[in-house]
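Scroll down for the structure; my scribbles are underneath it.
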Amino acid sequence: HWMSPTRDIQFRRWGAACEFETLRQEFGNEVRAWEEYRRRKAGSDTCVISPRKYDVDPIEKNSPSDDDSNYAEEILTAKKPPPGPGWKHKFVVEVAGGQRQCHWLSPVRNIEFRRWPQACEFEKLRLKFGNEVQAWEEYRKIKVGFGTYVISANQYDMGGIDMESKNKPAMTPNRKCTTPKSTTPPGPGWKYKLVSNAGDSQNRGHWMSPTRNIEFRRRVAACEFEKLRQTFGTEKRAWHEYSKLKANRGAVVLPGQYDDDDCPVEDSCIEAEGTKKRKSKNVVDCGVARNKKKHLFLNKNTPRMKPPPGLGWTHELVAEKRQNQYHWISPTRKIEFRRRSQACEFEMLRKKFGSSEVRAWEEYRRAKAGSTTEVVSPQQYDNGANPMKERLIKKAATHSNETSATKKPPPGPGWKHKLVAETDKIHRCHWMSPTRDIQFRRWGAACEFETLRQEFGNE
């Protein structure tokens, strides 16, 4: 790396250092040479380590007095004129290397800009609109996705009271939005809040609910919550239902502060998710929702009732996929089917096997292998009490124990075998070495180890 004589500007490439040296000889000092070099390299790589720390230091090491603020002020103010009449400048020592930088303050609201070009851009908008409030709103719209180069830009977003806005009508909330399409509130009473994220680089609007001031980042999520609020009548019950539907709740700012354990909600909202209890009072008669296990969408129409698949079948009205659906429950094992057609198919198998739901379920599972069963938690019915099936499994294990051990001889003297049930419910014979009981899953690997054992004399 090459470092310049006066300001120690560190260049990564020799060619860039030579280009800077040409400018240094042309202008006679490194400050003006660096400014010209930065203008030429705008939009491309400067090949300099931390180039920003050299942008704002007008005082070279060979200047008359490094601590003389008047000297620095003369250099800076003579170099760039104010953006417009009434603008004031202010010298600030920033964190990066303790460099002095000139900030520009607007005439009325004292909006502090870090860079002179952005202050000039704001001055053009100020002359166009005649006041700084509207000019600031337009400036924020233009800089969405880019840096504003303003100190604490958020404090100017809500149109603070200033000298020129006292005699003008109050600004409506719709004028604070960054995008006109988002100004329509999700419902009556909703409030709008303008927030700048990612280091003032993006300007976004948040929506706050009427009662509890729940802050949503997206209008779509706020509209969804508004529908629940109108359904349940209160924001506490609506928030509890929204938390169940949206497990991560990422569209809400600090969602944990709105959780209320003593919220007076019904038993349907309090009962833990995933419970499999079925009670007789969960059955819905004549289309009346009395289900306490799963909450129903009360604003949805009840689906048309169909006759049961067979004798003894019961039905249950539940909320599924944003609408109410009937589930059908078998007579004996209470197998819960989501669709009536699959329940009718199971009923035919049940009649075929003499009302035995265990054998009917096994046949149904074989028929639906590779496709959906349309059953709630089908795995819990796979190991149903079936003595005949258990006897067959034990018989197969005994048979495999007798045949697998005698199918192949031991790899050598002293070897032991062990019958192990693997994940596929197939019993396999493992072989264990004589001395250290090293357990091999395959007979071929055990024979190979036995050959080495005999060669070296020990395990």
In segment 228-253, what residues are in contact (Cβ under 8 Å) with a residue 24 or more places away in the chain and part of a helix (DSSP H, G or I)? Arg229, Gln230, Thr231, Glu235, Lys236, Arg237, Trp239, His240, Glu241, Lys244
If Thr148 satisfies every condition in (1) part of a helix (DSSP H, G or I); (2) surrounded by 14 or more Cβ atoms within 10 Å (Cβ to Cβ); (3) modelled with pLDDT under 90 but one, which is the exception? (1)
Might you check whether a residue that is modelled with pLDDT of 85 or more, under 49 Å from the mean Cα position of the chain (by Cα) and open to solvent by less than 80 Å² (accessible area, probe 1.4 Å) occurs anywhere in segment 52-66? yes
Take segment 8-51 and flag every residue that is of a type in the set (Lys, Arg) and modelled with pLDDT of 90 or more. Arg12, Arg13, Arg24
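Being farther than 28 Å from Arg359 by Cα, part of a loop (DSSP other than H, G, I, E, B) and modelled with pLDDT of 50 or more is true for just one of Arg304, Arg333, Arg290. Which residue is that? Before you say what the answer is, go through the steps one by one.
Numbers: Arg333 fails: farther than 28 Å from Arg359 by Cα; Arg290 fails: modelled with pLDDT of 50 or more.
Answer to the check: Arg304.
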Taking segment 440-459 only, how many residues are open to solvent by 80 Å² or more (accessible area, probe 1.4 Å), of a type outside the set (D, E, K, R) and either in contact with a His (Cβ under 8 Å, 6 or more places away or on another chain) or assigned to a strand (DSSP E or B) (or both)? 0
Selection count where residues are at pLDDT 85 or above and in contact with a strand residue (DSSP E or B) (Cβ under 7 Å, 6 or more places away or on another chain), scope segment 193-220: 8
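How about segment 98-124: which of its residues are charged (D, E, K, R), outside any helix (DSSP H, G or I) and within 12 Å of Gly86 (Cα to Cα)? First the steps, then the outcome.
Within segment 98-124, the subset charged (D, E, K, R) is 100, 109, 112, 114-115, 121, 123-124.
Filter once more, keeping what is outside any helix (DSSP H, G or I): 100, 109, 112, 114-115.
Arg109, the sole residue that qualifies.
So, in segment 363-375, how many residues would count as being buried (at least 17 other Cβ atoms within 10 Å of the Cβ) and modelled with pLDDT under 90?
Matching residues across segment 363-375 total 2.
The values are calculated or read from the model by the stated rules, or taken from the named source; none is laboratory data. Note that the structure is a prediction, hence the values are computed from the model and not measured. In this analysis, Cβ positions are derived from the backbone assuming ideal geometry, glycine residues included, and neighbour counts consider all displayed protein chains. Heads up: the accessible areas ignore ligands, DNA and RNA and are worked out on the full protein's heavy atoms, side chains in. Shrake-Rupley method; radii C 1.70, N 1.55, O 1.52, S 1.80 Å.
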